[in-house]
Amino acid sequence: MNLIGLIPYTFTVTATSSSPVALAALVFLTVLVYGFSKHGLHFFKLFVPSGVPIYILPLVTFIEILSFLVATGLP
């Protein structure tokens, strides 16, 4: 799709933000649906690693949620 932008007087599909946002949302929702269908509510254990001391648990949980959002494509 981006190669079409090399042709004069044309534009790329990803030039507007709607296509990348739609693809990122599709990936995010697919990961969530698959995670819940495979693991149920145990999917949330992904964000709370075992063996973490209780005083640092909120920070680690925040970092895990942030990394999940970044890895699936949503900022």
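Counting only heavy atoms of the protein chains, get the accessible area per residue of the chain (1.4 Å probe) and round it to a whole Å² value.
That works out to 80 Å² for each residue.
Please state the relative contact order of the chain as a whole percent: Cα pairs under 8 Å, 6+ residues apart?
This gives 29 percent for the chain.
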Which value, in Å to one decimal place, does the Kirkwood hydrodynamic radius take for the chain when every pair of different Cα atoms is included? 15.0 Å
What figure, in Å² to the nearest 10, do you get for the accessible area of Ser37 with a 1.4 Å probe and non-protein molecules left out? 90 Å²
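The values are calculated or read from the model by the stated rules, or taken from the named source; none is laboratory data. Here the structure is a predicted model, which is why all the values come from computation and not from measurement. Remember, those area values only see protein heavy atoms, side chains included, never the ligands or the DNA or RNA. Shrake-Rupley method; radii C 1.70, N 1.55, O 1.52, S 1.80 Å.
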